[in-house]
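Only one structure is covered here, and it is reproduced in the block below.
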Amino acid sequence: MTGTSQQQAEQSQTAWLRSQDGICVKTSLNDIKVFAYGAYDSLDLDGDGFVTQTELSNAFTDPTAGWREKSFLLFLIRRIEDISAAYEEEWAAEKRGISRVDLQEYFEQIEVREDGTCEAAPRAEAWKKVPIPSGGINLSQTFQDIHEYALKTFDSMDQDGDGFLSRQELQNAATDELTGWREKSFLIFLLRNIEAISKAYDEHWAPENAGISRMDLQEYFRLLKI
């Protein structure tokens, strides 16, 4: 390649990257989401559960990355603050970047305008209804898994042995470094819906705000309709 043609190619690439991330965001949103989920482990170089600006930049400058992948990475880089703020990880001492749950929440909230610009604002009214896509999982397919997980791990999560899972006990389980991301997403579901679940069965003998009992779990998931 001659110097002139190489320069033209570089200029073309620069112009392409500057034009709406090099892609039509409106038609490519699902591809961006699939890419981000699929590449997450390879992007998260230190394995801390967060993809940082530096990690995204490293992937972007990788000479083996294709143009389309670069455009997806550029989309994430330009919006890292919005995406990382999509969900507040209560177990994270310091927010360091984009988590898997951030991705899930961001892509559930995002709205793309006709001009290709994006906005992702939390929809407060959405959290009042169940089921909803929440906590990094497709709830319509995994309610049974959440129920079974909660029952199976109940004793280990109930640290004071009072027969109820409190908000603090659920948060402790979520912060445990041995807890996998799928399990974290189940715990997030329980945390978000702790009030509704704890009221599913009326334990007359239980103190107010005691938490979730086994009977609460049984009754809540029995009545839950998709």
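The table below gives the values:
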read-out	value
Test result for Leu29, modelled with pLDDT of 90 or more and of a type in the set (A, V, I, L, M, F, W, C)	no
Positions within segment 195-213 being assigned to a loop (DSSP other than H, G, I, E, B) and crowded, with 19+ Cβ neighbours inside 10 Å, in sequence order	Ala200, Gly211, Ser213
In segment 162-194, the residues that are of a type in the set (Gly, Ala, Ser) and either in a helix (DSSP H, G or I) or out of contact with any strand residue (DSSP E or B) (no Cβ under 9 Å at 6 or more places or on another chain) (or both)	Gly163, Ala173, Ala174, Gly180, Ser185
Among the residues listed as Glu208, Glu195, the single one being acidic (Asp, Glu), farther than 19 Å from Asp102 by Cα and at pLDDT below 80	Glu208
Segment 158-195, residues that are within 22 Å of the chain's Cα centre (by Cα) and of a type in the set (Gly, Ala, Ser)	Ala173, Ala174, Gly180, Ser185
Which listed residue is of a type outside the set (Phe, Trp, Tyr), out of contact with any Phe, Trp or Tyr (no Cβ under 9 Å at 6 or more places or on another chain) and at pLDDT 85 or above, from Ile110, Ile80, Ile98	Ile80
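The values are calculated or read from the model by the stated rules, or taken from the named source; none is laboratory data. Since this is a predicted model, take the numbers as computed values, not measurements. Cβ sites come from the backbone with ideal geometry, for glycine too, and all protein chains shown count toward neighbours.
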